[in-house]
Structure formats: structure tokens, C-alpha cells
Amino acid sequence: MSKVWKKWMALFAALAMAAVMTGCSGSTGSGEQMDAGMQSAQEQKGGEASEARGDDGEESEPAEVIFRFANYGPVLTDLQLVEDAMNEILIPKINCKIRLEAIDGSNYDNQMNLDLSSGTRIDVAKTAGSYNTAIAQNQILDMTELLEEYGQEAKAEVGEKYMQGVMVNGKVYGLPNVNGRGAVMQFGARTDLLKKYDLSLDGFSQQPDWESQSANLRLMEEILQKVADNEPDLIPLVADQVGNVRLDEIIPRTNLGDDLGVVMGGDSMDVVNYYASKQFEECCYLLRDWYQKGFIMKDVATTTESSNSILSGGKGFSVLSNSEIGWDAQLKNNTSYDFTCVKLSLPLVGNVSGMTYSIPVTAADPVASMKVLNELYTNSEIETLLTFGVEDVHYVLTEEGKAAYPEGIDANTSSYHHSNFWAVPNQLIALEMEGTVADYNKTLKENNETADVAKVLGFVFDNSSVQTETAACTAVIDEYKNGLRSGSIDVDKNLPEFLKKLEDAGINTIIEEKQRQLDQWAADNHIQ
Amino acid sequence: MPKTSHKGRRLKWKRMRPLYIMMIPGTLYLIINNYFPMFGIFIAFKKIDYSKGIFASQWTGFDNFRFLFATKDAFVITRNTILYNLVFIVLGTIAGVTVAILLNEVISSVWKKLYQTILLLPQLISMVIVAYIGYAFLNVENGFLNNSVLPLLGLEPVSWYSEPRYWPFILTITHLWKGLGYGSVVYFSAILGIDRELYEAASIDGAKRGQQIRLITLPLLKTTIIIMVLMSVGNIFRSDFGLFYQLPLNSGALYSTTNTIDTYVFRALMQLNNTAMSSAAGVFQSVVGFIVIVIVNGIVRRVDEDSALY
């Protein structure tokens, strides 16, 4: 009985101490109270406290950092194993311990919102939802100074050019994930059929804008016509995404966070309505023409069959996609057919904040968070562990030194699948994946360095004053985009209707607000 | 005198106790699932700031509600939601009552069970799968209708997923097919509760089947029908998201006849990730539902006091 009583007393004492501690961190307003709280806490803790908080980092306990990321695949059952392997590296190096939390990708944003609003501790995380919304709602911390002190290497890894892309009023709230940014629109066609009809893709060339694409488009049309005439059972041009042939993506533009108000090309500073542009209109008419000529599948706007499944079933001839090097190898992997691919457009980076990693407001120790974040962006071993798991358990090295699943295991049966490779903080320092072309990471890195960045890169639109209009316009776009971008609805009738509705929904208010913010941003950053 | 009444009350309590105990799980469910969350209504009037927490966030009045009425679509989605619900309530009730009466007339218990099971089966199928069944029927190139049925009737194939005018029928038929089994169960059990002697007496007096149904079954079902209708009327501003989103395969060309408040809210806020605005939509639907139910109940009470909910 007395033992139980002692236990309760101990627990009570511990709780009281915790209360004093929170008291000291909570009452930053009055200095006296804070000092008193600190003192009493230290008195109670005695010598131990000063040791644990000691400045000589060697002896202190490693700080634990909860790292939350999105998992785009089956449950990662071996998370603990990977975590332990990471800690073996992190504890001696930066005296931090990592705790991995994988949240199902489809539920990630909801879960984050819920946890952040209830104050659940998360130390480093993939930003939920959009970067600017997260900032507007104060979900993530300003990490500018921390980055200066503990994150120089991570900054270098992202690249100065791209760091611009996450600056908001001179402050950084998150690091963009590092991946290949030099992707361009490409046209890929079945090699066997090209040969059969004596067609060649040599005439295609990379062009900077829509007007100069006309030669490419004429050539494409001739090829598609030939295939349509001779192979009636084949879909000449398969839509890469449901309801989206992606042809309009060869129009160079920067979407400024959403497609509601964009700048055309890389040098412009004028916010315009993309859907009302001459280029988009021409593109819609061309697509409609191709649809009516039978180049595009009839129920393209609603089909539930993916482009890969159509192509691998031998039912398609060609496809348009936005891709990096090695797209032909990818297509071969996915469809088992040989493809010949040509690049159509030039790389233009207008936005890098699509996926960012940041420190949530509920972080316990932002310094430790930053240290771990820095490792996540610069440490190849950590990155490989995060991407592929533990060597010889979750992956094996191939002869070319790439990561592959061990014999007899695939993404669905693995206890730590590799499907998150594209969503990790720095894809380019991890091992390369089996099936990629030689020097994959190196080439991507070089492409990143040479890619053009738009003049507006770094401008992040704060849509908080036009949320109503944004919601309304998003709903309108949802209604028409698939139809127009696949040629499956009549342009004469629907495009004007679409534009009218967009105007009613307030797109011009958004554009005005965007232009105002962009001008302000340009003035603040001395950009002409 | 007072003593006996006291005793009577205790006796009554003793008799009722099992019923009250049986009520506990349901009541708990209602409190946890339906009453606790009501507390969150205030979120709809806030501009959420995660660093301050939801309580300390700034009040914004009705700002979060504006997006619901910001476009001309506001009319379309409200019209669609209400009209579909009215059609569903009217046809659903008629079909449910008819099927319940017909089931009651089936004498063989084997057949009765079989019919009930078959009718109930669609209720158990997920809307996603229903959407694929629909797709199998309506696919432009390979669908059952375009390939087998329409040529048989000598009609041209129809591009179902881009012709809005067919969708009121498609959606209604699917809704009835899916909900009929469940909808008729309540009426069927109400019919089983009717005193058999009434029918016996009627048939001795020479009443035919049809007369029995018209003069005994239907009048006695009236209260059940009214309660069921009142309960569905409260949801008149809500729609079955699965039905209106999955079945049309989210085809933009069909929005004029398939967009409802729920699908609109989903589409508008998918990317914005704005909790307050989606709460606003929910509050709006609930408040209107509440008002409608009070009005309809008031009308019912005026016409026939015994049938009103309260």
C-alpha cells in the first residue's frame, strides 16, 4: 500500500514540475515570473538539469525529432528498422534522434491539419496543402535564421537560384524538395509503328513558345493522320492524364500558385487570364480538330483507363508528357513497348514550392528540427535509407550500383517499398533506382543548373483575400478543363461560356490582386 | 390515492427499465456523433490561424459563406440538390410502399425472403463499384447500352457522359435501384404490425384485395410514411456525394444536371484546404435543413396533429 502511495506522490511531483516548466515557457510576457519559474525548476531538478541542458553537446541526451512524411504506397511496416539505422548515423553526427512518422499520402493534408490544430508535436514535416496557405494559416515556422546557422549545406543543395522560389517577404518557411526540374514536354511514339510506316521524328525540334511550335505540330499531325488511316483499331494520341492530352502544356507559362492568373513566358511580369489567351484558344481548336479526326479516344474525358494501361495493351500509338531524361526507358518499363521520344519545349522553372519540407509550429525544438532537416537534404546515407530502406533487407545493389528490390519482392510485398522516391527531400543524393539511365542523378543535377527560371520565381501568391473567388473559379475550371484539354467538347460554344463563367466567379479580382502583389514583390526585390 | 399513483409509477418504471437500458447505446452514439461535433459550428465563422488555435482565431462573420453564393452556379447547385431530393423522396416513398405491400402479398416465405434479399443487395454495394457498373452500361464505345440495347431498338449511340439531359433519369433510376430494398423494409415491418383481424373482418365483409389495401393498409401506414418523409426532408440540402460524384465520373460536361451542393463544395475546396469554408457549407446545409423540417412539421401538425413528429 505504501509503495503505491509513493508512486502516486512521485507522479504528482513530476506533474507539478512539468506545470512549472510549461509555466516558464508560456509566460514570456513577464520577465520576473519567468525567472522565478526557471529558478524553481532548476532547484528541483538540481544538478541533473544543468547537465542535460549543458552547452557541451557531447554529453547531453540526443534531442528527438519527429519527422513526418507522406507515404504513397502500402504501409511501411519496417519503419522502426530504418529509423534505427538512421539514428546510428545521426546521434554521433548531430546528437539528434529521428522518429519517423509515415502518413498515408491520400490522407496526409487532413491528418496534418487535424494534428496541428490540436497541437500535436511534429518537428519536421512535408508541408500540408499549399506552401502559401500553410504560411497564411501560421502552420509552419519562419526558418530563415535557423537556415542561416544550421542549414547552409541544405541551402546549397537546393541551389541559390531555386531558394528564391520559397522566399516570402525575404523569409524562408520551407525547403523545396530537390528533384529534376529540367523537365520539358516530350512526344513519344511507338518505334515499331514508326518503322512500319517509314515515319521519323527527326524533324522535331525544341521550341521556346507556342507560335514557333507550328512546324512541330504540323509534323505531329501528319504522323497521327498516317497512323489513324492505317491502324483503325489504334488510338493515335493517348491522353497522358484523364481528360488531358497535355498539348497545352507546350505553351510556356508560370502559373503563380494556381492557374487563376498566370504570366506567359519566362520574362513577363503581366498577370493575365491564361484561359482567355490566344494560345490557349488555338490549342483548344487544334485539339478539337484532332479529336474529330479520330486521333484522340472518344471517351477521353471520362475514361478510367490510364495511359500506361492503354499503351501496354497495345491499343495506343503515341503520348505527350512532361518529362526528364530517360522517359523512353520509363515507357518501356511501363508498357513493354519501345518508344522513340523527342523534346518539344524548353525547360522553364516557375514554381518550386509545390512540395516543401518545413518546421511546423508545434515543433518542440526548432534548432534540432533544422539540424535534422539539413541532414535530410545533404546526407546520402540518410536519403537512401529514407527512399529505399536498409540495404540487403529492403533493397539490393545491382551491378550498375543502383537500388533494386531483393529477389522475389516487389513494391506490394516489400516491408519498405521504394515508391516514395520522388517525394523525399533530396532525390538526387540517394541511390539511383533500378531501370534509370546511366548517370541519372548527375544529369538531372546538371539540367537543374542550366534550366531557365522565370522572372517571377520566388513570388508566392497569398490568396487569403480572394479565397471566395478562388473557390468559385476552381469549381468552374473543374467543369471545363477536361473537355477543352482533350478536344471532346465543342470549342465555339464552350470556351466563351467558360470564360464568361470565370469572369462571373471573379477571376479578374484574383488577377488584379495577383498583379498588385507581384508588383509589390518586384519592387521589394528590385526586379524590373 | 397518492400512494397508489406512486406505486403505479414505480411499476411503470420497472416495466420500462429494459427499454431505457436498450436506449443507452443509441443515445451515447447520438451524443458523441451528433451533439459533440455541433460545438464546432463556430469554426465556420472564424479565419483559422493554427498558431493561435481555433479558439483565439479571428472572427470573420459570414465571410466563409460567401463562396457558396459567389457564382451563378449557386442557383444550379441549389436547384439540383432540392429537385433531386424532392424526386427521390416522392418516388422513393411511392416505390418503397408499393414494394412493401407487394412483398406482403407474397405467400410463399421462400420467395418472400428471396425477393427481399435481391432488393436489399444493391444497398450493400459501394458507390465506386456502382459507378463502374454504370460505366459498363454507358461507356461510349464498349458500353452495354450503346453496343447492345440501342442498336436493337434502331437508335443512334449516345455519348452518355457528355449529354447532361439524360442524367436526371440515370441518377434517379440508380438511386431508386440502390435504395429500394432498404426503403421498403420499414414499411414492410409496419405492415406486419397491422392487426390481422382487421383483414379477416374485411374479407368476411367481402372486401377485395385492392379494397383492403386502400382502406386498411394505406391509412394505417400513414403515420410511418409521414415520419419517414419528415426525416428525409431534413436532409433536403444534402446529397448523396457518392451518387453525384462517382456515378457521372466527375465529367465536367454534366455539371449542369449533376452538380449539387456537396460536390460543388468538394470541388471548390479540394485545393484550398480551407477548414472554415467547408464548415460553413456544412452549417448552411444543417440550418436550412432544420428550418425546412420545422416548417413541414408545422404543416403536418396543423393538418393532422397525431402524425407530427413533435
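Observations on the model:
- Within region A:472-491, the set of residues being closer than 20 Å to A:GLN515 by Cβ and either facing chain B (nearest Cβ under 7 Å) or not in a helix (DSSP H, G or I) (or both) comprises A:ALA472, A:THR474.
- Top-ranked residue of region A:287-316 - restricted to ones that are more than 31 Å from the chain's Cα centre (by Cα) and away from chain B (no Cβ under 14 Å), ranked as nearest to A:PRO236 (Cα to Cα): A:PHE295
- Pairs where the first residue, in region A:500-522, is at negative phi and within 14 Å of chain B (Cβ to nearest Cβ) and the second is modelled with pLDDT of 95 or more and not in a helix (DSSP H, G or I), C-beta under 8 Å, 6+ apart: A:LEU502/A:ASN273; A:ILE507/A:ASN273; A:ASN508/A:ASN273
- Look at region A:70-97: where a residue is not assigned by TED's automatic domain parsing to the domain that holds A:LYS371, no partner that is hydrophobic (A, V, I, L, M, F, W, C) and loosely packed, with under 15 Cβ neighbours inside 10 Å sits 6+ places away or on another chain with Cβ atoms under 6 Å.
- Whichever residue in region A:250-274 is acidic (Asp, Glu) and more than 20 Å from A:MET167 (Cβ to Cβ) and, among such residues, is modelled with the highest pLDDT: A:ASP270
- Test for B:THR260: is it touching a residue at least 40 places away in the same chain (Cβ under 8 Å), of a type outside the set (A, V, I, L, M), under 17 Å from B:ALA74 (Cα atoms) and within 14 Å of chain A (Cβ to nearest Cβ): yes
- All conditions in (1) part of a helix (DSSP H, G or I); (2) crowded, with 20+ Cβ neighbours inside 10 Å; (3) within 14 Å of another protein chain (Cβ to nearest Cβ) hold for A:PHE461, with the sole exception of (1).
- Flag for B:PHE65 being at pLDDT 85 or above, more than 23 Å from the chain's Cα centre (by Cα), within 13 Å of another protein chain (Cβ to nearest Cβ) and farther than 30 Å from B:THR174 by Cβ: yes
- Helices (runs of 4 or more DSSP H) fully within region A:96-185 counting 3 or more residues that are buried (at least 18 other Cβ atoms within 10 Å of the Cβ): A:108-117, A:131-136, A:144-150, A:152-158
- Count of region A:104-130 residues which are closer than 12 Å to A:MET355 by Cβ and more than 9 Å from chain B (Cβ to nearest Cβ): 5
- Flag for A:ILE89 being surrounded by fewer than 21 Cβ atoms within 10 Å (Cβ to Cβ), under 30 Å from A:ASP410 (Cα atoms) and aliphatic (A, V, I, L, M): yes
- Where B:SER286 falls short, out of the listed (1) within 30 Å of A:LEU116 (Cβ to Cβ); (2) more than 8 Å from every other protein chain (Cβ to nearest Cβ); (3) touching a Gly at 6+ places or on another chain (Cβ under 6 Å): (3)
- Residue within region B:269-280 that is in contact with a Lys or Arg (Cβ under 9 Å, 6 or more places away or on another chain), assigned to a helix (DSSP H, G or I) and more than 10 Å from every other protein chain (Cβ to nearest Cβ) present: yes
- Residue list for region A:131-164, restricted to those being touching a helix residue (DSSP H, G or I) at 6+ places or on another chain (Cβ under 6 Å) and among the aromatic types (Phe, Trp, Tyr): A:TYR150
- For region A:358-379, the criterion of being assigned to a strand (DSSP E or B), surrounded by fewer than 22 Cβ atoms within 10 Å (Cβ to Cβ) and not basic (Lys, Arg) is met by no residue.
The values are calculated or read from the model by the stated rules, or taken from the named source; none is laboratory data. Values in this document were obtained by computation on a predicted structure and should not be read as measured data. All Cβ positions, glycine included, derive from the backbone under ideal geometry; neighbour counts span all protein chains shown.
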